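A short worksheet on the structure shown next.
The values are calculated or read from the model by the stated rules, or taken from the named source; none is laboratory data. Just so we're clear, the structure is a prediction, and the values are computed from it rather than from any experiment. Note that we place each Cβ from the backbone using ideal geometry, even for glycine, and neighbour counts take in every protein chain shown.
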């Protein structure tokens, strides 16, 4: 199998200095390493050319965010498997081998995520993907090892292989044939949760999304857009709503959309009471953008199969905040 590791970069020289060495050292025997540059204005490209001449560079004309950035770059990269890797990830020795082996043994699996641990505390799972992602009845994403902001300690509980619902965009392996068949990422998302949409669409086409816990990477998280940034709040709330419109099966559609709008209002009130009004405003802006895109996404919905029974649990909001269940194994 020909593997291409593709790191999306935008003005990230410091991250490349810190993390590109581990990618090159632990990957070049099995894969080609690319940096897809989203029209950076810093010295990222000069640094790569000088320090890592073996790393191939694809230069995008504009900064189209995560979704368009990868769509543009992957048109110019030939491989059997793409590994979409954040620039703030440290990989480990032999991290590729179990993933490639699983692809060879499981032809129906199109997408794989390794174990994601926190670079800042390597005993903990990392927010962005942890031990693999799921979706509850209302379309809220959560992970094995991460329920909202509660992160489990890694004690080997997710050293397994498992079918999951979504793989983290921080480190996502996908068969190139499937990526292009699906049309890549939906560029209207710009960034955040477009990988959930991609995994949702892949499964509706009959492919599997899997987790391989014998491969481990460490993720900083929030290096490009920090949790405290209201634009991140805007993208997460808006794109999660757009996911429900685009992908939720018909019998749940109205219930899920209206429930989410109400719960978003509760979240906005919570931010206001916590004296974080910029995040309340971000949710308001997310809803305005959601309404502006509603008909467009209804049109996208008509073109897709929406047959997947997607929920692992009924309501992760209820179970976590009301029932007090913190760990994945306790969800019902």
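Here are the numbers for the structure shown:
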read-out	value
Test: residue 92 is farther than 18 Å from residue 170 by Cβ, in contact with a strand residue (DSSP E or B) (Cβ under 6 Å, 6 or more places away or on another chain) and surrounded by fewer than 19 Cβ atoms within 10 Å (Cβ to Cβ)	no
Some residue of segment 295-314 being surrounded by 12 or more Cβ atoms within 10 Å (Cβ to Cβ) and either more than 23 Å from residue 165 (Cα to Cα) or in the same structural domain as residue 200 (by TED's automatic domain parsing) (or both)	yes
Hits in segment 40-71 - residues which are more than 24 Å from residue 174 (Cα to Cα) and surrounded by 14 or more Cβ atoms within 10 Å (Cβ to Cβ)	40, 42, 44, 45, 47, 48, 52
Test: residue in segment 102-113 that is out of contact with any helix residue (DSSP H, G or I) (no Cβ under 8 Å at 6 or more places or on another chain), within 30 Å of residue 149 (Cβ to Cβ) and part of a strand (DSSP E or B)	yes
Wholly enclosed helices (runs of 4 or more DSSP H) of segment 162-249 bearing at least 1 residues modelled with pLDDT of 95 or more and within 14 Å of the chain's Cα centre (by Cα)	194-204, 230-247
Subset of segment 114-161 (residues that are more than 17 Å from the chain's Cα centre (by Cα), closer than 30 Å to residue 177 by Cα and either in the same structural domain as residue 250 (by TED's automatic domain parsing) or not in a loop (DSSP other than H, G, I, E, B) (or both))	161
Matching entry among 270, 208 (being in contact with a helix residue (DSSP H, G or I) (Cβ under 9 Å, 6 or more places away or on another chain), surrounded by fewer than 21 Cβ atoms within 10 Å (Cβ to Cβ), at negative phi and in the same structural domain as residue 139 (by TED's automatic domain parsing))	208
